[in-house]
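Every read-out reported here was derived from the displayed coordinates using simple, explicitly stated rules and does not represent laboratory data. Since the structure is predicted, the reported quantities are computational estimates derived from the model, not experimental observations. Cβ atoms come from the backbone with ideal geometry, glycine included; neighbour counts cover every protein chain shown.
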Amino acid sequence: MSNGKVVLGLLAGVAAGAILGILFAPDKGTRTRKKIIAKRDDTIDEMKERFDDFLESISDKFEEVKNDSKHIAKEAREKVMDGKH
């Protein structure tokens, strides 16, 4: 969970730095706004991609734990059944 917060903080810092750099660059207002919008869109896309990767990794871990639990439960049932006979 802390890795997600670190990545989010890092992305927010990069986005803020890029926006400040664009704002202080000697450029026309319309061009600056276009750059800010483009950077925002890029940052949002990157954050969505990282979030999707994060969700996928959680899903993979959940499936792994579920399969391990099924295996352990099966072994326990077999041991109980062997002990009853």
Determine, for M81, M47, the number of other Cβ atoms within 10 Å of each Cβ, and report the residues in order from fewest to most. M81, M47
Filter the chymotrypsin sites (Phe, Trp or Tyr not before Pro) in the stretch 23-54 down to the DSSP loop ones having no more than 11 other Cβ atoms within 10 Å, then list what survives. none
Largest first, please: the extent of the C-alpha atoms of the stretch 2-84 along each principal axis, to the nearest Å. 83, 18, 7
Suppose every Lys and Arg Cβ carries +1 and every Asp and Glu Cβ carries -1, with no other charges. What dipole size does the stretch 2-84 come out with about its Cα centre, to the nearest 20 debye? 480 debye
Shape of the stretch 1-48, Cα gyration tensor, a/c cut at 1.5: oblate
How far, in degrees from 0 to 90, does helix 29-84 lean away from the longest principal axis of the Cα atoms of the chain, to the nearest 10? 0 degrees
Spacing of the two label points (7 Å from each Cα toward its C-beta) at E78 and D60, in nm: 2.8 nm
Hey, if you put +1 on the Cβ of every Lys and Arg and -1 on every Asp and Glu Cβ in the chain, which of N3, V14, S69 ends up farthest toward the positive end of that dipole? V14
